[in-house]
1. Is there a simple number for the mean count of other chain Cβ atoms within 10 Å of the Cβ of residues in A:209-218, and what is it?
2. Pull up all non-local amide H partners of A:Ile84: gap of 5 or more, or a different chain, and H-to-H distance under 5 Å with H placed in the peptide plane.
3. Against the 2.2 N^0.38 Å scaling, with N counting residues, where does region A:123-238 land? I'd like the Cα-based Rg ratio to two decimal places.
4. How big is the gap, in Å, between the Cα center of region A:176-205 and the Cα center of region A:92-160?
5. Sorted by mean Cβ packing within 10 Å, highest first, what order do the peptides A:126-134, B:31-39 take?
6. For a paramagnetic label modelled at 7 Å from the Cα of B:Ser53 toward its Cβ, which residues of region B:85-122 fall within the zone defined by backbone nitrogen distances under 20 Å?
7. Please tell me which of these pairs span more than 29 angstrom C-alpha to C-alpha: A:Lys76/A:Lys221; B:Lys49/B:Lys71; B:Lys71/B:Lys116?
8. Can you pull the mean other chain C-beta count within 10 Å for peptide A:21-28?
Amino acid sequence: MNENDKSNDLKNEKPKKKRKSPLNIVIWVLIIIIILLLCITTGILAMRIGNFLPNDVDVIFLVPKKPAFQASDNDKIWDTETEIDVFKAEYYNDESVLTVRSWDGESVIAPGTENDYIFYLQNTGNVAVDYKMKIDFSLRVDGEQKEIADFPVSVRIHKAGGEYLIGDENTWVSVSDVAQIENAGTLGVNSYESYMLEWQWLFEGGNDELDTMLGSAAAEKSISLSLDVNTHAEQSADAEAVGGITDNDGEEKPIGGTIRWLPFLLLILLIVLLVIALILALRKRRKEEPKENIKA
Amino acid sequence: MKKNYMMRIASVLLVVVLLTTSIISGTLAKYTSSVEASAIATVAKWDIKVNNSKISVSNPNITFDLFDTVKDSNGTGDESDVVSKKIAPGTSGSFAFKIENLSEVNAQYTVALTEKNDSNVPLQYSIDGNTWSDSIGELATTNITNQSIDMTNGESTVTVYWRWMFEGTTNGAHTSQSDESDTSLGTMDTAPTVTITATITVTQVD
């Protein structure tokens, strides 16, 4: 048999069907598992990136975090130093008769006056916030802080859910006996907390002498009751933490740092397609290499 | 050495997976917000004056001169037939309380009058100058009980009239008065005295 015959035999020989070796199957399974792992870990990574990304950073597949917190009452939103209308300059009795009126238009208190004041702490952002709220009462005489025992103004404070921070349904506490009131909690997205502060100076409080003494002294010097409310809020470590009362009226906001699923799935699909394309390209190149070797 | 591309791809992917599962750590500034609100109220003034004297817990009493101005019993002119500051048959006079509410709250007042008259000097009293009572305790109290004196009106004046009729037989004179009793009073070794106490109670109105 000459060289040409050998060559013809080689050409006519049917290519043998290549059997996939077990190693190849294992490798393919591993690749699929790894791709799946990649998808999962990419998701985890995205969420972690979402958690650790600075606020307001807008990544296409992540909801940007926009933390915000607001304290307000029924009339206004508080700013850094807001005067709130807990007390009034005029008071009317049940018959709508004016019984107390400040001469200078500033707020006053007197026996027989009372009021309640509702304020709200609201999460206006899209991540959970942790808050602390402090309430302080102080008595001042001509601007100087004083202790006045059994001051006849008493208070109670409770949350919307009925939890009392001071006093209870049947108990009022003199402001002289109220230490600093603190309350802390978490406000989830689309949530708020509401507090009601009630105060009263009973007309028949049982100590007319003290009432009269205070009123008479007030004609000579300024005797005042101050109320300070401090709120501090900071971004919660867990953006999706819950707490407070859900605001069903407001527009429901997506939580900051979470995945925007449509862009994310498109991204994953893109990655998978790229990997498949890469594999196919390498396989094609591998197939071509033996021919080139043969030619060589 | 034969190149195994499948193994290379798998290795690269594995490295990527390992990298992406590494813990991301770092310190990033987080959002904080502080808001303060405050309210202040002053105790409403309780400022009551009677005859321009301030009344307070520590200063509840004022003095007034009941017989500061003595007039003739007809009440028209100053008495010229009796020594000044003395009363006698045929004299009359009045005393007034000006109650001022300079407070920041509404108030009402009640005036209670009592008389210490051990010698039974036949004085008669009136709130309006027309209707007379033989005893100050018998005065009609309608006009001096629970009278409003709110912070817009500010003040109210209560006048109490008194008289010692010249003739005990005059219609409307004190029932126990007679010339004999008047003379008896005037001739006592120790001049009889009459003391009138006015208790003015001003209370806040709710």
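Readers should treat all values here as calculations from the given coordinates under stated rules, not as data from a laboratory. Because the structure is predicted, anything quoted here is derived from the model rather than measured. Because the Cβ atoms are built from the backbone with ideal geometry, glycine has one as well, and the counts that use them run over all protein chains shown.
1. Mean shielding by partner chains, rounded to a whole number: 6.
2. For A:Ile84, whose amide H was placed from the backbone, the distant partners under 5 Å are B:Ser38, B:Ala39.
3. Relative to the 2.2 N^0.38 Å estimate, region A:123-238 comes out at 1.31.
4. 10
5. For the peptides A:126-134, B:31-39, the packing ranking is A:126-134, B:31-39.
6. Answer for this model: B:85, B:94-103, B:109-116.
7. A:Lys76/A:Lys221
8. 2
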